[in-house]
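Student: Got a structure for you, questions after.
The values are calculated or read from the model by the stated rules, or taken from the named source; none is laboratory data. Because the structure is predicted, anything quoted here is derived from the model rather than measured. Note: ideal-geometry Cβ built from the backbone for every residue, glycine included; neighbour counts use all protein chains shown.
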Amino acid sequence: MNYRKDIYEKVKFMLKDNPDASINCSKLARIYGCDRRTVAKHIDVVKNNMPPPKSKRVKKTDGYENIIEEKVKTGAPAIAICNYLKKHHGYTGSYTIIKDFIRNLNNEKQKQAVIRFETNPGFQAQVDWKESLVFKTIDGDTIKFNVFLLILGFSRTKFLYVTESKDLKTVEECLVRAFKYIGGVPHEILFDNMRSIIDKARTQYNDPVFNDEFNMFSSDCGFIPRACVAYRPETKGKVEVTAKLVNRLKVYSGDITSFSDIQRIAVELNNDINTEPCQATGKPPIKLLEVEQPYLLKTDLNILTGYFNKPIKRRVSRESLIAYEGKKYSVPPEYIGKYVDIEDDGTGFNVTFNGHFIRHWDKTAKLTNFNRSDYLEIARCSALKRLPDYEITAIAERNLEIYDKL
């Protein structure tokens, strides 16, 4: 009932001396500019001695609730939300009112039960990144990297892969590696709102827009891409839990020598977490994967390599070495600190910089490989540079003989 105090008081006055008197509802409605049914309800309240309904208290936050909730999800503080509402939406209340509204909102969310959504075998996987991790090497250098995460909804089988970038081609390459690892392609994959694959993020009011290339890629793979609502990590809870497992990598910071070390450690961690009992199911994910695999799509993944072929980049260390496939190879010291490209031909690889050829290396079993001219240049740039050139050459030749015997 839409309570009108003015109508209630008028009806009460008219029926004061004669409770059974007849009142023209239509006439009174025209006077007060309301529906005749509103007048009739007020007459019924007075005649039956019912307490008048309480009028709804108007709050300063009325009409702003949805905006406040959306901004809270972004992590914005109450003062910023208050200033935003005043500047862009005509809010006239105080900061304290907004702060109290947000506190009550958070209290209500804490009372809500969290429901785990289970999926049928092979139906869904979830994907996310653990971004911008930084590890120290034994030599004191830093290596920045990302970890790609995929988890199957039914078996909880996880796939981790360490990358130097997180662009579109890297996402596609990681997905193909994941499909090979789990033995098939899920029918749908839920993504965070990654800028590399989504042109327009999904919100409470809008569907996501995946970019054209990724739509083609997903179509060729056979899966349907989905996006979680922006700022709602609970919609991809399984992979958010997996992100915590990646923290187990951090113990190795300071013990590594190259990017390849991090990749190797991630593979070992991946195997460990898939053979450990899962808290949600009580069983090792690798065992439940045997149940899930028959329901995965059997896409020919070999046709997808054209999506992500790209140059392999390596940063030249202070020793003038690049790390590739677990081994180190030298380049001239003028490239120290720069990124060079590696073009692998199977048995060896070319090293180039901005399209200029540097040299070819045959792959070897030796951990460290120096080109003689590189090593001489490195020695001349080192603390030995104060010595005569013939002494530097003699020391360098002797060191190279030792390296050849290792």
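Student: Regarding region 329-340, can at least one residue be identified that is outside the structural domain of residue 169 (by TED's automatic domain parsing), modelled with pLDDT of 90 or more and on the phi > 0 side of the Ramachandran plot?
Tutor: yes
Student: Then there is this: Look through 294, 277 and report the one residue that is in a loop (DSSP other than H, G, I, E, B) and over 26 Å from residue 341 (Cα atoms).
Tutor: Of 294, 277, the one residue that is in a loop (DSSP other than H, G, I, E, B) and over 26 Å from residue 341 (Cα atoms) is 277.
Student: Please state which one of 62, 100 is at pLDDT 85 or above, acidic (Asp, Glu) and exposed (fewer than 15 other Cβ atoms within 10 Å of the Cβ).
Tutor: On inspection, the qualifying residue turns out to be 100.
Student: Can I ask one more? Taking the conditions exactly as written (at positive phi, touching a residue at least 24 places away in the same chain (Cβ under 8 Å) and either of a type in the set (Gly, Ala, Ser) or in the same structural domain as residue 106 (by TED's automatic domain parsing) (or both)), does residue 33 satisfy them or not?
Tutor: For residue 33, the condition - at positive phi, touching a residue at least 24 places away in the same chain (Cβ under 8 Å) and either of a type in the set (Gly, Ala, Ser) or in the same structural domain as residue 106 (by TED's automatic domain parsing) (or both) - is not met.
Student: Suppose the filter is surrounded by 19 or more Cβ atoms within 10 Å (Cβ to Cβ), under 19 Å from the mean Cα position of the chain (by Cα) and modelled with pLDDT under 90; does residue 200 pass it?
Tutor: no
Student: Residue 31 fails exactly one of the following numbered conditions: (1) at pLDDT 85 or above; (2) farther than 30 Å from residue 95 by Cα. What is the number of that condition?
Tutor: The single condition residue 31 does not satisfy is (1).
Student: Being in contact with a Phe, Trp or Tyr (Cβ under 6 Å, 6 or more places away or on another chain) and basic (Lys, Arg) is the requirement here; does residue 144 meet it?
Tutor: So residue 144 does not fit the description; no.
Student: I've got another one for you. Tell me the residue from 369, 350, 354 that is over 26 Å from residue 152 (Cα atoms), touching a residue at least 12 places away in the same chain (Cβ under 8 Å) and over 27 Å from the mean Cα position of the chain (by Cα), please.
Tutor: 369
Residue-by-condition table, conditions (1) surrounded by 12 or more Cβ atoms within 10 Å (Cβ to Cβ); (2) among the β-branched types (Val, Ile, Thr); (3) under 18 Å from residue 172 (Cβ atoms):
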site: 277; (1), (2), (3): no, no, no
site: 285; (1), (2), (3): yes, no, no
site: 289; (1), (2), (3): yes, no, no
site: 292; (1), (2), (3): yes, no, no
site: 303; (1), (2), (3): no, yes, yes
site: 307; (1), (2), (3): yes, no, yes
site: 322; (1), (2), (3): yes, yes, no
site: 330; (1), (2), (3): yes, no, no
site: 333; (1), (2), (3): yes, no, no
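Student: Let me ask something else. Can you tell me which residue within region 179-197, out of those that are farther than 16 Å from residue 123 by Cβ and modelled with pLDDT of 90 or more, is surrounded by the fewest Cβ atoms within 10 Å (Cβ to Cβ)?
Tutor: Going through the qualifying residues, I end up with 180.
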